[in-house]
């Protein structure tokens, strides 16, 4: 995708955006925007936050809010226990959340995802951050209910999963939020 920035004529510059930044721009520039700070706070609780390189439960180098260190990260060369700045943790989180949002848009469609209530967007981004698209895509009945706006049914389907058994506290909180959307809609 291409966007034009700046003035007219020679002062105008062409900026090429990849699919991630395009999706990111879409969600933040819509009238209804997801509360990104709320997602940040939720994920700090769910994933934990560490300002040092550590090994996750599978033995992979990680830091910040569940950020898996890859060869592209400068932290790849850090020893376990090396401190990581709060600024770097936030930067890695911004990149990771951007990927999660883009993956949600891929899974649900950009227009549909952006039209979901803020609360649903937050829940789905949280799940995407935790599961990744291949696993979240496997929640067929859950996803069908989400796409049709049947939040309570989606919550039932979310509870009927291995994921729910693995991260019960997190999953129950997210599924309860989905159910509460339904209850709120019934009162209005």
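The set of residues from segment 50-68 being part of a loop (DSSP other than H, G, I, E, B) and surrounded by 17 or more Cβ atoms within 10 Å (Cβ to Cβ) comprises 65, 66.
Give segment 69-87 a look and list any residue that's surrounded by 13 or more Cβ atoms within 10 Å (Cβ to Cβ) and either modelled with pLDDT under 95 or over 28 Å from residue 171 (Cα atoms) (or both), or say none.
Within segment 69-87, 73, 75, 78, 82, 84 qualify.
Scanning segment 21-36 finds no residues that are at pLDDT below 85, on the phi > 0 side of the Ramachandran plot and part of a helix (DSSP H, G or I). The helices (runs of 4 or more DSSP H) found entirely in segment 99-149 that carry 3 or more residues being modelled with pLDDT of 95 or more and under 13 Å from the mean Cα position of the chain (by Cα) are 118-131.
The values are calculated or read from the model by the stated rules, or taken from the named source; none is laboratory data. It should be emphasised that the depicted structure is a prediction, and the values quoted were computed from it without experimental measurement. Here the Cβ is made from the backbone with ideal geometry for all residues, glycine too, and neighbour counts use every protein chain on show.
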